[in-house]
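Asker: Starting off with a structure, shown below.
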Amino acid sequence: MGQTSLLARVESAFPELTFEQSDDFRWSPSDQTVYVGRLVTDRDLITLLHEIGHALAGHNGYSKDIELLALEREAWTIAHDQIAPKFAITITEDLIEEALDSYRDWLHARSRCPECTQNGIQRSIDTYTCLLCTASWRVNDARTCGLKRYRLATH
């Protein structure tokens, strides 16, 4: 079955969701839309199912980075256990762990102190403090671009 006909089946299986073509795959809680990137590979289809998992779980954002990892795990579980079987698609545990590893790596990089390289603690959505050297830094989102850490002035 081609990706186009599978997409039509996916859309009809979830009439409560809005689907819109996009440059990438993502769930937008603000407009309750699953954005659909180019469907070329099987991995693209699996990514779409994962984004639907976010929608079905009602994910609306997070305030701490570690919460994002929990949301990602939940979306993968829904995609694996509930959605993929409906379409005879296999999502392997290795693929799920690979995807989650990318978030684990992102979390680790954001929390590394730019002064002493130890891991700090998150104070707000975009700021961290090092428990060792007391440096503070602000980070960008960097899930789809390069991570930047900006040292904050000490008080």
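Asker: Multiply the residue gap between Q118 and Y62 by 0.36 nm, knock off their C-alpha separation, and tell me the result in nm, one decimal place. Could the numbers behind the result be given before it?
Answerer: Details: separation 56, 0.36 × 56 = 20.16 nm, distance 2.40 nm.
That pair, Q118 and Y62, stretches by 17.8 nm at full extension.
Asker: So how far apart, in nm, are the two label points at D101 and D23 if each is 7 Å from Cα heading toward Cβ?
Answerer: 2.8 nm
Asker: Within 10 Å, count the other beta carbons around each residue, average over each peptide in 69-76, 48-55, and list them highest first. Show your work: numbers first, answer last.
Answerer: Numbers: 69-76: 17.8, 48-55: 23.6.
Top to bottom by mean Cβ count within 10 Å: 48-55, 69-76.
Asker: Under unit Cβ charges (Lys, Arg +1; Asp, Glu -1), what dipole magnitude, rounded to 20 debye, does the chain have relative to its Cα centre? Don't skip to the end; give the middle numbers.
Answerer: Values: 16 positive and 23 negative charges, 141 e Å.
The calculated dipole for the chain is roughly 680 debye.
Asker: Right, here's the next one. Seen from all sides and averaged, what is the projected area of the convex hull of the Cα atoms in the chain, in nm²? Intermediate results must be reported in sequence, preceding the final value.
Answerer: Working: hull surface 39.9 nm².
Here the figure is 10.0 nm², rounded to one decimal.
Asker: Starting with the fewest neighbours, write out S22, S111, S102 ranked by other beta-carbon atoms found within 10 Å of each beta-carbon.
Answerer: On the way: S22 14, S111 19, S102 11.
So the residues, fewest neighbours to most, are S102, S22, S111.
Asker: How far apart, in nm, are two points set 7 Å out from the Cα along the Cα-to-Cβ line at E74 and at D42?
Answerer: Here the answer is 2.9 nm between the modelled labels.
Asker: Note the full-extension length gain between E16 and I125 as 0.36 nm times their separation in residues minus their Cα-Cα distance, in nm to one decimal. Before the final figure, lay out the partial values.
Answerer: Values: separation 109, 0.36 × 109 = 39.24 nm, distance 3.04 nm.
Length difference between fully extended and current span is 36.2 nm.
Asker: Placing +1 on the Cβ of each Lys and Arg and -1 on the Cβ of each Asp and Glu in the chain, which of L17, T77, I125 has its Cα farthest towards the positive end of the resulting dipole?
Answerer: I125
Asker: Also: Would you calculate a helix-derived [θ] at 222 nm for the chain, using -39,500 (n - 2.57) for each DSSP H run of n ≥ 4 and dividing by the full residue count, to the nearest 500?
Answerer: Rounded to the nearest 500, the figure is -12500 deg cm²/dmol.
Asker: Write down the percent of antiparallel bridges among all DSSP beta bridges whose residues are both part of the chain, to the nearest 5. Before the final figure, lay out the partial values.
Answerer: Values: 13 of 17 bridges.
The answer is about 75 percent antiparallel.
Asker: A follow-up question, please. Quick check on the range 60-130: what are the equivalent-ellipsoid semi-axes from the Cα gyration tensor, as sqrt(5λ), descending, whole Å? Walk me through the numbers before you get to the answer.
Answerer: Details: eigenvalues 194, 36, 6 Å².
Ellipsoid half-lengths, sorted descending, are 31, 13, 6 Å.
Asker: Measuring from a point 7 Å past the Cα of T92 along Cα-to-C-beta, which residues in the range 27-53 have an amide N at less than 13 Å?
Answerer: From the range 27-53, the list is 43.
Asker: Helix 3-13: angle to the longest alpha-carbon principal axis of the chain, degrees 0 to 90, nearest 10?
Answerer: Relative to the chain, helix 3-13 is tipped by roughly 90 degrees.
Coordinate-derived values only; no laboratory data. Source: prediction; values computed, not measured. Note: ideal-geometry Cβ built from the backbone for every residue, glycine included; neighbour counts use all protein chains shown.
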